[in-house]
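The values are calculated or read from the model by the stated rules, or taken from the named source; none is laboratory data. For clarity, every value in this text was computed on a predicted model and none was experimentally measured. Reconstructed Cβ throughout: ideal geometry from the backbone, glycine too, with neighbour counts over all protein chains shown.
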Amino acid sequence: MSQPFRLPSGGLVDRSRKLPFSFNGKRLEGYAGDTLASALLANGIHLVGRSFKYHRPRGIFTAGVEEPNALVQVGSGAHAEPNLRATEVPLSYGLEAYSQRGWPSLRFDLGAVAQLLAPVLAAGFYYKTFMGPGRRAWPFYEYFIRRAAGLGKAPEAPDPDRYDHRHLHCDVLVIGAGPAGLAAALTAASTGARVAVADQNPLLGGSLLDRAGPWDWLEQLMAQLAKLPDVLLLPQTAVFGHYRQGRFGALQRLENQGARQRLWQIQTQQAILATGASERPLVFSHNDRPGVMLASAARCYVNRYGVQPGRNAVLFTNNDSAYATAFDLMQAGVAVKAIVDLRPGPAAVPVPKEIEVLTSAKAFNAKGRRHVAAVEVETDGLRRRLDCDLLCISGGWSPVLHLFAHSPGQIRYQEALGAWVPKLEQEGLQVAGAASGVFGREACWRQGLEAGAKAVQALGFSSPEKPAFTLPREAAEFSVSVPEISPILPGKKGPRFVDLQNDVTVEDIELALREGYRSIEQVKRYTTLGMGTDQGRTANINGSRVVAEVLARPVSAVGATTFRPPWTPVTLGAVAGQQSETSLAPLRRSPIHSWHEENGAVFMPSGLWWRPHYYRNHGAGLVEAAAFEAQNVRRRVGIADVSTLGKIDIQGEDASEFLNRIYINHWSKLAIGKARYGVMLREDGYVFDDGTTARLAENHYLMTTTTVNAPAVQSHLEFYQQVIWPDLDVKITSVTDHWAVVALAGPNSRSVLGSLFEGLDVGNEALPFLGVMEAELYGVQARIARISFSGERAYEIAVPADYGLALWEALLEVGETFAIGPYGLEAMDYLRIEKGHLVVGADIDGRVSPYDVGLGGMCSQNKDFIGRRSLEKPAFHEQGRLQLAGFMSTDGKTMITAGAQLVAESFKGKPQPSLGRITSRAYSPALGAPIALGLIAGGPEAYEQPVYAVSPITDEQAEVRVTSPCFYDPQGERMKG
Amino acid sequence: MAHRLAEKFKNRCLPPVDGAAGSLAGLSAPQPAAIMTVAGAAESRMKAALLDETLLWLGPNKWLVVSETRQPGELAEKLAAALEKENIALTDVSHGLFRFRLKGPGARDMLSAGVSLDLHPSAFKPGRSAPCAWRNVYIVLHAVEAECFDVYTFRSYASSLWEWLAASYTSGTGIFQPCRTER
């Protein structure tokens, strides 16, 4: 028979919508509205997993987020998601679920031999046992331990699911949609305030859903909410973190929508935590058997899902609330054998005469192997055995305070509840309902009304209306007060589990205390109490109780462990959001990017930009292609896309003075229509950035920066302009993206330029070295600057970005007769290294002063500039400081490694003092040999010495000769002529 | 050859997003004729100088002027003439910024995927603009009218931002679906 434990009617499941699903390959059926747990129980399946350490059979213990046992993997292959609580997974068509431990099968698990070893597997066992020999021992043991213990397995294939991120702003955020939360939301929203209501469940109602039907109120509630002006309902949304000042994080699970999970970042003015309370277990021998369940969970399964969690029930309680479960189980046709009550007196609620109530009674052992079969009870010194297949336990209720405590809020211990309650209210935050320690449907509702009104009044809204919603009726209110009697019951019949997920027993905690651990935080870390996916929701208070009893201290003195986000596990996919399918960082593309892509460019990142490293059709590999490209520039002519260089428009009456202060060199006397190379320092005297800056008009400059440093330089300039020198008349605007710039370099460059700009005089007189000229190209504004990084005669041509591609293609077309070819960053590097030109990020790496790299002569002696005072630091002038030099491979063949260390002797594994380092390397087409730039102690004094450039991590070594850093055309005749 | 070259410079070549943008309803990339920054003029002066251009605030006395009809040269002349008495700096950034337009009832929800500002009409009224960020990418956001937003980004980011906008568009369906009651 399908679903033998399903009631013929009742519950919030849709019996007309059958949903097939499978568990460990077994085909089963449930209904729409089920959770995986309720559907399994409807099919009589209680054994759903094996425990963490001892591989004990485990069943479904709760009906919600606090579930410690029923962890399953949902989906298979790349879609698999491990460690989901079966109690939280909504049943869907064709859902595949798997238990996570148990080999060869869940029923017969060989790992269960661990139980026999339990006496030696106590807390701290691994650390005490698996010590040595040697440092490698632990990783070796760990491999096997991880296989035996541990939780689910993450899939290794790329995640095919989609994730979403959203920001949400609201006036009032209500967390939890039980009676208190609903009252607060309805009240607050009636004023027109923007209200968001988040609840973990697919349905609103919270604890109301656990009561017996009818459910008319649910529709009435939805209609009521729909009438309100600005309410956002977030079902299946767990608010997992509270980050002060009204900031919350929430994870929403989605079905049949674009994304599977959505991460919300919520900013609210007022928050109302109506997170409710969760039930605590009682601790006794073999309290982990499948069929042992929280009383509230059993009540939820019969009422909400129309499922009998067993046929013959016994209840074990220390408070009145479990009696409600007894009534509802009876109503649902479950035989309630007895209520075993720890308290001496009778409950304050009437009990049907069919139910036997044992007072002053203790359950001390649960019998059965894969399922509970009986419970052994002691009352008045007499022992009895009560046969049952369902044992419902209740040790009282604990307010859910995680979000309150994240912010952090103070909590205090309340004896009557045996639990922590919020101590102080925080600004913009209220706790309402059971979360505040107030129990009872009516009381929670009233408190919610007040909290909702208070929240909107604090925001200046008008007085709210009383909601027109009537709460479902309830026969009686049940007290949740607990007696002094300990919920930790003595017994030696078997392990007494405090933390089911981590297999932590009373004895483990006692051992930790015997070994000297006193703080609850230490006990947690030594025993793993309260860790894992459930974070000890059903374990922590009982754990503190054990510690309190052993140390004979009050629980309030023992305290609670720190509450930290996230409240429920958050998947990494949800944290990544849309960036799990797109790139993590933006990719900046030059206006000519598409041409490079279509013409075989191999790209390399340069900051956020992607720039052509070399073109594939120019050679067999990087060095060959780049050498070819560089050679073409030296002999004929080449073009490179330099649009990515930072460009900053600087205007104002004090623009010259501003540049004087920013750069180490002088600017006031630069002629209009000329450019100059400039170097700027950081405040501490180290070189920050360089580039050429052109004077376009009396009070108008165009600065260029390195590609990677452009944003940093822009910030630097703006900071000084806005904060340090607001009196200077300077206006700064980034124009990096407005201009496309192409470098045209090589002996034929002037001919190409002349062909492109027909009729324009581009001769050496009209456009000399470092000259800047405004021009027009087929109706488009253009600017030509005669700047050379390669050491050849060269020009940089700029046009507005949307014409960049046209400029590039036009240059290739007119240059064809002059053998023009594009070159990439690698070739650009070879050319500039031959010339001894430096690059920020390689040679200028934030650790060099201008003196170290031959720029000392540029430092003006008769003006102030950023970093000038720091240049007087004695360390900058010490003997033996590393100084710029060139290096050439001695055998003319072996490439030198960038980043290699310089040592005096050939490296054979023995450490040697470092003489310096290689900062960038090239193959020089002009010299036909590998060359490099670097820093070496003494600089020029070391010229002609043979040293070794070694890179042990890449296992590379080259014998090199120290030379001047300029390898090619030291007089600069080629670029100036 | 001159004619062939002239042809190349006839039309602006935009970053490759506009074709795809048309495929998602409500998401488009209409480019203005000119965009300029003006630094050094107070709001009252700017408003007096403008004709039918859009004025977006970038910083103290720093503005973005967007014209749908005037070409950069013409706009620059007009602004220079109208603000003759002010000590201003005019910079053409027409090609440096790229514009996306989000239009429709879902525009605000879509922006909420990357923009952390409160875009509720009561907080971000039509006509308002703000330099802000889409995640970590600088944008200037402008509420053109109810349910219509313009997003200006630096040209080089356009293709990446487009990918992100499109991903947010398709992953955000059904955000504001009412909670269903299943019975």
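Which members of segment A:640-692 meet the condition of being basic (Lys, Arg), over 18 Å from A:Val730 (Cα atoms) and in a strand (DSSP E or B)?
Once the filter is applied, which keeps residues that are basic (Lys, Arg), over 18 Å from A:Val730 (Cα atoms) and in a strand (DSSP E or B), segment A:640-692 yields A:Lys674, A:Arg676.
Hey, among A:Gly856, A:Gly880, which residue is at positive phi and out of contact with any Leu (no Cβ under 7 Å at 6 or more places or on another chain)? Even if it seems obvious, please write down each step before you answer.
Working: A:Gly856 fails: at positive phi.
Every option except A:Gly880 fails the conditions.
In segment A:266-274, is there at least one residue being within 12 Å of another protein chain (Cβ to nearest Cβ), in a strand (DSSP E or B) and crowded, with 19+ Cβ neighbours inside 10 Å? Break it down stepwise before answering.
The initial filter retains those residues of segment A:266-274 that are within 12 Å of another protein chain (Cβ to nearest Cβ), namely A:266-269.
The next check asks that each one be in a strand (DSSP E or B); those that pass are A:266-269.
From the residues that got through so far, the ones that are crowded, with 19+ Cβ neighbours inside 10 Å too are A:266, A:268.
Yes, there is a match, as at least one residue in segment A:266-274 is within 12 Å of another protein chain (Cβ to nearest Cβ), in a strand (DSSP E or B) and crowded, with 19+ Cβ neighbours inside 10 Å.
Checking the condition within 14 Å of chain A (Cβ to nearest Cβ), within 30 Å of B:Tyr169 (Cβ to Cβ), aliphatic (A, V, I, L, M) and touching a residue at least 24 places away in the same chain (Cβ under 8 Å), which residue from B:Leu83, B:Leu111, B:Leu75, B:Leu102 passes? Show your work before the answer.
On the way: B:Leu83 fails: within 30 Å of B:Tyr169 (Cβ to Cβ); B:Leu75 fails: within 30 Å of B:Tyr169 (Cβ to Cβ); B:Leu102 fails: within 14 Å of chain A (Cβ to nearest Cβ).
So the residue among B:Leu83, B:Leu111, B:Leu75, B:Leu102 that is within 14 Å of chain A (Cβ to nearest Cβ), within 30 Å of B:Tyr169 (Cβ to Cβ), aliphatic (A, V, I, L, M) and touching a residue at least 24 places away in the same chain (Cβ under 8 Å) is B:Leu111.
If we keep just the residues of segment A:776-810 that are among the aliphatic types (A, V, I, L, M), buried (at least 22 other Cβ atoms within 10 Å of the Cβ) and part of a helix (DSSP H, G or I), which is farthest from the other protein chains (Cβ to nearest Cβ)?
Let us first name the residues in segment A:776-810 that are among the aliphatic types (A, V, I, L, M), namely A:777, A:780, A:782, A:784-785, A:787, A:794, A:797-799, A:801, A:805-807, A:810.
Narrowing further to those that are buried (at least 22 other Cβ atoms within 10 Å of the Cβ): A:777, A:784-785, A:787, A:794, A:797-799, A:801, A:806-807, A:810.
Among the residues that remain, those that are also part of a helix (DSSP H, G or I) are: A:801, A:806-807, A:810.
Numbers: A:Ala801: 4, A:Ala806: 4, A:Leu807: 8, A:Ala810: 5 Å.
Per the criteria, the residue is A:Leu807.
Is it the case, given these coordinates, that A:Phe769 is farther than 14 Å from A:Gly746 by Cβ, away from chain B (no Cβ under 14 Å) and not in a strand (DSSP E or B)? Break it down into steps so the answer makes sense when it comes.
On the way: farther than 14 Å from A:Gly746 by Cβ: yes; away from chain B (no Cβ under 14 Å): yes; not in a strand (DSSP E or B): yes.
Spelling it out, A:Phe769 is indeed farther than 14 Å from A:Gly746 by Cβ, away from chain B (no Cβ under 14 Å) and not in a strand (DSSP E or B).
State whether one or more residues within segment A:850-861 are among the hydroxyl-bearing types (Ser, Thr, Tyr), modelled with pLDDT of 95 or more and assigned to a loop (DSSP other than H, G, I, E, B).
First, pick out the residues of segment A:850-861 that are among the hydroxyl-bearing types (Ser, Thr, Tyr): A:851, A:860.
From the residues that got through so far, the ones that are modelled with pLDDT of 95 or more too are A:851.
Keeping just the survivors that are assigned to a loop (DSSP other than H, G, I, E, B) gives A:851.
Yes, segment A:850-861 has at least one match.
Could you identify the single residue in B:Ala41, B:Ala49 that is more than 14 Å from every other protein chain (Cβ to nearest Cβ), buried (at least 18 other Cβ atoms within 10 Å of the Cβ), without any contact (Cβ under 8 Å) to a residue 60 or more places away in the chain and over 20 Å from B:Leu102 (Cα atoms)?
Numbers: B:Ala41 fails: more than 14 Å from every other protein chain (Cβ to nearest Cβ).
Going through B:Ala41, B:Ala49 in turn, just one is more than 14 Å from every other protein chain (Cβ to nearest Cβ), buried (at least 18 other Cβ atoms within 10 Å of the Cβ), without any contact (Cβ under 8 Å) to a residue 60 or more places away in the chain and over 20 Å from B:Leu102 (Cα atoms): B:Ala49.
Please find, within segment A:574-615, the residue that is modelled with the highest pLDDT out of those that are among the small types (Gly, Ala, Ser), surrounded by 15 or more Cβ atoms within 10 Å (Cβ to Cβ) and assigned to a loop (DSSP other than H, G, I, E, B).
To start, the set of residues in segment A:574-615 that are among the small types (Gly, Ala, Ser) comprises A:574, A:576-577, A:580, A:583, A:585, A:590, A:594, A:600-601, A:606-607.
Restricting the remaining residues to those that are surrounded by 15 or more Cβ atoms within 10 Å (Cβ to Cβ) gives A:574, A:576-577, A:580, A:590, A:594, A:601, A:606-607.
The next check asks that each one be assigned to a loop (DSSP other than H, G, I, E, B); those that pass are A:590, A:607.
Values: A:Ser590: 97, A:Gly607: 93.
The extreme case among them is A:Ser590.
Tell me, yes or no, whether segment A:375-384 has at least one residue that is closer than 18 Å to A:Met293 by Cα and in contact with a His (Cβ under 8 Å, 6 or more places away or on another chain). If you could, list the steps in order and put the result at the bottom.
First pass over segment A:375-384, keeping only residues closer than 18 Å to A:Met293 by Cα: A:375-377.
Those left that are additionally in contact with a His (Cβ under 8 Å, 6 or more places away or on another chain): none.
Within segment A:375-384, not a single residue is closer than 18 Å to A:Met293 by Cα and in contact with a His (Cβ under 8 Å, 6 or more places away or on another chain).
Regarding B:Leu64, is this residue modelled with pLDDT of 95 or more and either of a type outside the set (A, V, I, L, M, F, W, C) or buried (at least 17 other Cβ atoms within 10 Å of the Cβ) (or both)? Steps first, please.
Numbers: modelled with pLDDT of 95 or more: yes; either of a type outside the set (A, V, I, L, M, F, W, C) or buried (at least 17 other Cβ atoms within 10 Å of the Cβ) (or both): yes.
Taking the combined requirement at face value, the residue satisfies it.
For segment A:321-397, give me every one of the strands (runs of 3 or more DSSP E) that falls completely inside it and has 2 or more residues that are under 26 Å from A:Gly418 (Cα atoms).
Counting at least 2 such residues, we get A:335-341, A:356-358, A:361-367, A:374-379, A:390-394.
Exactly one condition in (1) surrounded by 18 or more Cβ atoms within 10 Å (Cβ to Cβ); (2) farther than 17 Å from A:Trp808 by Cα; (3) within 10 Å of chain B (Cβ to nearest Cβ); (4) not small (Gly, Ala, Ser) is false for A:His618; which is it?
Failed condition: (3).
Is one or more of the residues making up segment A:294-304 touching a strand residue (DSSP E or B) at 6+ places or on another chain (Cβ under 8 Å), in a strand (DSSP E or B), under 30 Å from A:Tyr163 (Cβ atoms) and touching a residue at least 60 places away in the same chain (Cβ under 8 Å)?
Within segment A:294-304, none of the residues are touching a strand residue (DSSP E or B) at 6+ places or on another chain (Cβ under 8 Å), in a strand (DSSP E or B), under 30 Å from A:Tyr163 (Cβ atoms) and touching a residue at least 60 places away in the same chain (Cβ under 8 Å).
Which of (1) over 45 Å from the mean Cα position of the chain (by Cα); (2) closer than 23 Å to A:Gln957 by Cβ; (3) basic (Lys, Arg) does A:Lys908 not meet, given it meets every other one?
Of everything listed in (1) over 45 Å from the mean Cα position of the chain (by Cα); (2) closer than 23 Å to A:Gln957 by Cβ; (3) basic (Lys, Arg), A:Lys908 misses just condition (1).
Would you confirm, using the coordinates I've provided, whether A:Glu653 is surrounded by fewer than 19 Cβ atoms within 10 Å (Cβ to Cβ), modelled with pLDDT of 95 or more and within 14 Å of another protein chain (Cβ to nearest Cβ)? Talk me through it step by step, then tell me what you get.
Values: surrounded by fewer than 19 Cβ atoms within 10 Å (Cβ to Cβ): yes; modelled with pLDDT of 95 or more: yes; within 14 Å of another protein chain (Cβ to nearest Cβ): yes.
Yes, satisfied.
Please tell me if A:His46 is away from every other protein chain (no Cβ under 14 Å), more than 27 Å from A:Gln331 (Cα to Cα) and crowded, with 20+ Cβ neighbours inside 10 Å. If you could, list the steps in order and put the result at the bottom.
Values: away from every other protein chain (no Cβ under 14 Å): yes; more than 27 Å from A:Gln331 (Cα to Cα): no; crowded, with 20+ Cβ neighbours inside 10 Å: yes.
Here the answer is no, as A:His46 does not meet what is asked.
Looking at segment A:383-434, which of its residues are in contact with a strand residue (DSSP E or B) (Cβ under 8 Å, 6 or more places away or on another chain) and acidic (Asp, Glu)?
A:Asp387, A:Asp389, A:Glu425
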